[in-house]
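Notes to accompany the following structure.
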Amino acid sequence: MTTGDDLLGRYAGAMVQVFGTPQLVLASGHGCWVTDVDGRRYLDLLSGIAVNALGHGHPALVQAVAKQAESAIHVSNFFTSEPAIALAERLLEVAAAPQGSGVFFANSGAEATEAAIKLSRRTGRHRIVALEGSFHGRTTGALALTHKAAYREPFEPLIPGVVFVPPNDPDALRAAVDDRTAALFVEPVQGEAGVRELSPDYLRLARELTSARGALLVVDEIQTGIGRTGDWFAHQAAGIVPDAMTLAKGLGGGVPIGALVTFGPDVTTLLSAGQHGTTFGGNPLACAAGLAVLDTIERDHLLEHVRRVGALLDHVELDGVAGTRGRGLLRAIELDGIPAPAVMAAARDAGFIVNAVTPTALRLAPPLVISEDELQGFLDALPAILEAARATSGVTP
Ligand SMILES: *Cc1c(COP(=O)(O)O)cnc(C)c1O
């Protein structure tokens, strides 16, 4: 029997070590549960970082992918396919995008960000305003808009002209967005910063200022989109219409796909034939997966479900918990005096996968299909998990 330890030994000998040592070697998943190679089961409260929207092995997704794989997996952009066209149409519909809007398919979130950066350059301007705490991806363009110094600095110089402003600070935004600004990039909820929401008023101000200055408003919905917060897209709760939106993560339910959505003809025609592309983009396999995800969210009323189940996390009143943040099924539990990595490890030992998104906070982003009972099972186990984490980290209550 090959054990997890054997495989991690081989991992160390075969992989570039950018992720450190993985916590587990997973073998399979079913619904909201995953099993590691040593046969241990875990409730998956992270879903591959907000990716496995339908959980693992969902029949609608499995059947769509299997059926598409039998007919055509890839056709290139010299040709197109019905799944690509249908997925673009469905995305424009759920985004309530006006006539003349469009979709560019990529293969990841960072690539969607790159497409948005190139789109913004076509305004004839190059300055970009981004927010402190932002995460837009790891390619060199996206990295320039990503705030964390540890990610950015080893690779500088990056593209010039990016300024960062503190989130939810109206005056800083007013001062930063001017008539030389190509685009303002925002995440409606900053996932990697620890699930920090932008207020609806701030998003509306962002819309007003960018419109007044002729800059594009780009919403990064790579983590927050596709039902994660209980709306199709998190910015919709603020009643704004952006100029562009980036998607990835949950869109393919686990099959790699990214997308840039451009709103209205003026923005959509900024990029013309030959100005951007990618070999795999819009391949029928990934698009069939995306269609299955969108169809299932609609058919099974998952937006309502996400809001209802997510409400279990509105208030978590426990010794060791300072509070919660977030919406729908994108949540953080802020800890009080217990290090998040210790809680993550204790949760894993107790059979739950969560993420220490900051040194003091856990992130929960379970499959959108998680049941109330499953999530309640974690909340019931949390006091003992916190107790175990306290013991291992030597914190006295
Ligand atoms: C994950 C993420 C990205 C990057 O997506 P990749 O697919 O990892 O390139 C960009 N923006 C946000 C908000 C994300 O959560």
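The table below gives the values:
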{"item": "Enumeration of residues in region 92-114 that are surrounded by 24 or more Cβ atoms within 10 Å (Cβ to Cβ), within 14 Å of the ligand (Cβ to nearest atom) and not hydroxyl-bearing (Ser, Thr, Tyr)", "result": "Phe105, Ala106, Gly109, Glu111, Ala112"}
{"item": "Pairs, first in contact (Cβ under 8 Å) with a residue 60 or more places away in the chain in region 263-277, second in a loop (DSSP other than H, G, I, E, B) and aliphatic (A, V, I, L, M), C-beta under 8 Å, six or more apart", "result": "Phe263/Ala95; Phe263/Ala97; Phe263/Val241; Gly264/Ala97"}
{"item": "Some residue of region 71-91 being under 29 Å from Thr181 (Cα atoms), within 16 Å of the ligand (Cβ to nearest atom), modelled with pLDDT of 95 or more and surrounded by 22 or more Cβ atoms within 10 Å (Cβ to Cβ)", "result": "no"}
{"item": "Some residue of region 49-67 being under 18 Å from Val219 (Cα atoms), polar (S, T, N, Q) and within 16 Å of the ligand (Cβ to nearest atom)", "result": "no"}
{"item": "Some residue of region 8-22 being within 20 Å of Leu329 (Cβ to Cβ), assigned by TED's automatic domain parsing to the domain that holds Ile333 and away from the ligand (no atom under 16 Å from the Cβ)", "result": "no"}
{"item": "Sole residue being more than 13 Å from the ligand (Cβ to nearest atom), among the basic types (Lys, Arg), over 20 Å from Arg127 (Cα atoms) and in contact (Cβ under 8 Å) with a residue 24 or more places away in the chain, chosen from Arg204, Arg180", "result": "Arg204"}
{"item": "Unique match (being assigned by TED's automatic domain parsing to the domain that holds Ala112 and surrounded by fewer than 22 Cβ atoms within 10 Å (Cβ to Cβ)) among Gly282, Gly239, Gly252", "result": "Gly239"}
{"item": "Selection from region 165-177 of residues that are away from the ligand (no atom under 16 Å from the Cβ) and not basic (Lys, Arg)", "result": "Val165, Pro166, Asn168, Asp169, Pro170, Asp171, Ala172, Leu173, Ala175, Ala176, Val177"}
{"item": "Residue that is closer than 19 Å to Leu173 by Cβ, polar (S, T, N, Q), within 16 Å of the ligand (Cβ to nearest atom) and in the same structural domain as Gly141 (by TED's automatic domain parsing), where the choices are Gln190, Gln223", "result": "Gln190"}
{"item": "Counted residues, region 133-183 - those being in a loop (DSSP other than H, G, I, E, B), touching a strand residue (DSSP E or B) at 6+ places or on another chain (Cβ under 7 Å) and farther than 18 Å from Thr224 by Cβ", "result": "3"}
{"item": "Filter result (part of a loop (DSSP other than H, G, I, E, B) and buried (at least 17 other Cβ atoms within 10 Å of the Cβ)) within region 349-377", "result": "Val354, Thr360, Ala365, Pro366, Pro367, Leu368, Val369, Ile370"}
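Residue-by-condition table, conditions (1) acidic (Asp, Glu); (2) modelled with pLDDT of 95 or more; (3) in a loop (DSSP other than H, G, I, E, B); (4) out of contact with any Asp or Glu (no Cβ under 7 Å at 6 or more places or on another chain):
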| position | (1), (2), (3), (4) |
| --- | --- |
| Gly290 | no, yes, no, yes |
| Arg307 | no, yes, no, yes |
| Glu317 | yes, yes, yes, yes |
| Ala322 | no, yes, no, no |
| Glu334 | yes, yes, no, yes |
| Val343 | no, yes, no, yes |
| Ala347 | no, yes, no, yes |
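The values are calculated or read from the model by the stated rules, or taken from the named source; none is laboratory data. Source: prediction; values computed, not measured. Note that we place each Cβ from the backbone using ideal geometry, even for glycine, and neighbour counts take in every protein chain shown.
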